[in-house]
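The values are calculated or read from the model by the stated rules, or taken from the named source; none is laboratory data. As the structure is a computational prediction, the values presented were derived from the model and not from experiment. Every residue, glycine as well, gets a Cβ built from its backbone with ideal geometry; the counts of neighbours run over all protein chains shown. For the accessible areas, the whole protein counts, side chains as well, though only heavy atoms, and no ligand, DNA or RNA atoms are used. Shrake-Rupley method; radii C 1.70, N 1.55, O 1.52, S 1.80 Å.
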Amino acid sequence: MVTRRALLGAGALALLAGCGPPEEAKVDPAAVLDEQLRVTQAVASAYAGGAERRNAEARVKLVEDALRDAGGTPGAAPAAGATGATAALAAESAALRAHVAAVGELGGDDHRELLSGLIVEAAAAESRLLAELGRPPLPTAFPGQPV
């Protein structure tokens, strides 16, 4: 004879057997770094020249090296679009949001060091461009928020 207490215990055990830590989604570091490269290349192409362009190209090189280390192959830079402060601001803002999002996707000290550097550079450039455009250079206390 089966009692209610035995049935409840069996049900509880069956429920607990199905519980456990959720499976973590597998992240392909090369795919994440490829996206970082794409947005960083867009930043470089938004600058017409000068120190800002050289700085952005240095960031592109860092991401290309990290992508190669992760087993990926860097793609060609996208076709040049608009240049100027407004285009550079849009590109830097998009890159900053992508870099902030990638921090949660990539583990490892080398990736975190790369992403933290990219975040700092993009946030500084975004503030400089905002000031150049006559807008408040620090519109939010949280980097990566839309400006």
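Only one of (1) open to solvent by 70 Å² or more (accessible area, probe 1.4 Å); (2) within 22 Å of V32 (Cα to Cα); (3) assigned to a helix (DSSP H, G or I) fails for T86. Which number is that?
Every listed condition holds for T86 apart from (2).
Just wondering, is there one or more residues in region 26-47 that are modelled with pLDDT under 90 and open to solvent by 40 Å² or more (accessible area, probe 1.4 Å)?
Residues of region 26-47 that are modelled with pLDDT under 90, as a first pass: 26-27.
Next cut, open to solvent by 40 Å² or more (accessible area, probe 1.4 Å) only: 26-27.
Checked against the condition, which is being modelled with pLDDT under 90 and open to solvent by 40 Å² or more (accessible area, probe 1.4 Å), region 26-47 yields at least one hit.
When you scan region 95-115, how many residues do you find that are open to solvent by 40 Å² or more (accessible area, probe 1.4 Å), in a helix (DSSP H, G or I) and touching a helix residue (DSSP H, G or I) at 6+ places or on another chain (Cβ under 8 Å)?
Number of matching residues: 4.
Out of the residues in region 13-25 meeting the condition of being farther than 22 Å from L67 by Cα and open to solvent by less than 100 Å² (accessible area, probe 1.4 Å), tell me which one is modelled with the highest pLDDT.
Filtering first and then ranking leaves C19.
Inspect region 116-126 for any residue being surrounded by 16 or more Cβ atoms within 10 Å (Cβ to Cβ) and either in contact with a Cys (Cβ under 6 Å, 6 or more places away or on another chain) or more than 18 Å from R59 (Cα to Cα) (or both) and give the result as yes or no. Steps first, please.
Of region 116-126, the ones surrounded by 16 or more Cβ atoms within 10 Å (Cβ to Cβ) are 118-119, 121-123, 125-126.
Imposing the further condition that a residue be either in contact with a Cys (Cβ under 6 Å, 6 or more places away or on another chain) or more than 18 Å from R59 (Cα to Cα) (or both) reduces the set to none.
No.
Taking interchain pairs and intrachain pairs at least six residues apart, which have beta carbon atoms under 7 angstrom, with the first residue in region 55-66 and more than 12 Å from V43 (Cβ to Cβ) and the second outside any helix (DSSP H, G or I)?
E64/P74
Do we find that T73 is free of Cβ contacts under 8 Å to residues at least 60 places away in the same chain, surrounded by 12 or more Cβ atoms within 10 Å (Cβ to Cβ) and polar (S, T, N, Q) in this structure?
Working: free of Cβ contacts under 8 Å to residues at least 60 places away in the same chain: yes; surrounded by 12 or more Cβ atoms within 10 Å (Cβ to Cβ): no; polar (S, T, N, Q): yes.
So T73 does not fit the description; no.
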